[in-house]
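**Student:** Take this structure first; my questions come after.
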Amino acid sequence: MDAPSGTAISLAKDIIAESDYAGWAIENPKPEDIFIDVKRVENVPGTHVVTYDSEIDSIEIKHTAHNREGFALGAVIAAEWLAGKTGIYTMKDVLGL
């Protein structure tokens with residue numbers, strides 16, 4: 001279904017904007033692509049890990065959602081913000097980022 005998640009795509013796009021990567025892929029990435037490893041796990045509301053890996057070391061940044069409350073609240077806030085608007089927006093618009 002939704003694979004990769006919108007969050008994973010947003011993270012990849014943000015990294016691409018600040019790096020030499022050209023795109024992202026979930027299968028057969030080229031050397032200039034960020035590989036997004038997609039795993040949909042039952043009863044896991046959301047975990048995203050960004051990993052920098054080199055021959056010398058690895059660095060991970062991880063976000064784990066313990067439940068879906070934050071996603072639901074975000075959807076309600078976005079719906080209220082969208083009332084009366086037309087066009088295409090992202091959560092960055094909603095949050096004023």
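**Student:** Looking at (1) at pLDDT below 95; (2) closer than 21 Å to M91 by Cα, find the lone condition where D37 falls short.
**Tutor:** The single condition D37 does not satisfy is (2).
**Student:** Please enumerate the residues belonging to the stretch 55-73 that are in contact (Cβ under 8 Å) with a residue 12 or more places away in the chain and open to solvent by 70 Å² or more (accessible area, probe 1.4 Å).
**Tutor:** I61, K62, H63, H66, N67, R68, F71
**Student:** Among the candidates A12, A22, which residue alone is open to solvent by 60 Å² or more (accessible area, probe 1.4 Å), among the small types (G, A, S) and modelled with pLDDT of 90 or more?
**Tutor:** From the options A12, A22, the qualifying one is A22.
**Student:** For the structure I just gave you, tell me whether V50 is of a type in the set (A, V, I, L, M, F, W, C) and surrounded by 10 or more Cβ atoms within 10 Å (Cβ to Cβ).
**Tutor:** When the stated conditions are applied, V50 passes them.
**Student:** If T86 satisfies every condition in (1) polar (S, T, N, Q); (2) at negative phi; (3) open to solvent by 60 Å² or more (accessible area, probe 1.4 Å); (4) at pLDDT below 95 but one, which is the exception?
**Tutor:** (4) is the only condition that T86 fails.
**Student:** For the condition touching a helix residue (DSSP H, G or I) at 6+ places or on another chain (Cβ under 8 Å) and either without any contact (Cβ under 8 Å) to a residue 12 or more places away in the chain or not small (G, A, S) (or both), what is the one hit in V76, V49, V94, V41?
**Tutor:** Sole residue among the options that is touching a helix residue (DSSP H, G or I) at 6+ places or on another chain (Cβ under 8 Å) and either without any contact (Cβ under 8 Å) to a residue 12 or more places away in the chain or not small (G, A, S) (or both): V94.
**Student:** Mind checking which residues of the stretch 40-60 are hydrophobic (A, V, I, L, M, F, W, C), under 22 Å from K13 (Cβ atoms) and modelled with pLDDT under 95?
**Tutor:** V49, V50
The values are calculated or read from the model by the stated rules, or taken from the named source; none is laboratory data. Nothing here was measured: the structure is a model prediction, and the numbers come from that model. Here Cβ is always computed from backbone atoms with ideal geometry, including for glycine, and neighbour counts include all displayed protein chains. Please note that ligands, DNA and RNA were not included when accessible areas were found on the heavy atoms of the full protein model with its side chains. Shrake-Rupley method; radii C 1.70, N 1.55, O 1.52, S 1.80 Å.
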